[in-house]
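Reading through the structure tokens given below for one structure.
The values are calculated or read from the model by the stated rules, or taken from the named source; none is laboratory data. Just so it is clear, the model here is predicted, and its values are computed rather than measured. FYI the Cβ positions are ideal-geometry reconstructions off the backbone, even for glycines, and counts take in every protein chain you see. Surface accessibility is based on the protein's heavy atoms, side chains included, excluding ligands, DNA and RNA. Shrake-Rupley method; radii C 1.70, N 1.55, O 1.52, S 1.80 Å.
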Amino acid sequence: MLRRDPRRCLTATATAALLVVDAWFDVTTSQPGPELATAVVMAVCAELPMAAAVCTVLVVRALPSRTRDKAPGTDGSDLQVNAHTGFSPK
């Protein structure tokens, strides 16, 4: 993330997906009663908002913006992938 590498989107997306699946798995495999209540509270209060939401925000912020990266005087439809800097105008 410190190098602003566009590939950080992939890692953050995978992490968010795994955290959602982990929360789902914890809730569905817990025994009824206090164990289920604990799993739901952990999923709702910790895993989903603090981890999966943060990763999703990182992904959205890391995605290239067509308006930010377009060349002056163009509509942004001529963008191509540049391996070093992410998206850049042709």
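A few points about this structure:
- Helices (runs of 4 or more DSSP H) fully within the stretch 8-90 that include at least 3 residues being open to solvent by 90 Å² or more (accessible area, probe 1.4 Å) and at pLDDT 85 or above: 8-29, 34-42.
- Of all residue pairs spaced 6 or more apart or on separate chains, those with beta-carbon atoms under 7 Å, a first member in the stretch 38-64 that is more than 20 Å from Asp5 (Cα to Cα) and a second member that is open to solvent by less than 80 Å² (accessible area, probe 1.4 Å) and outside any helix (DSSP H, G or I) are Ala39/Ser30.
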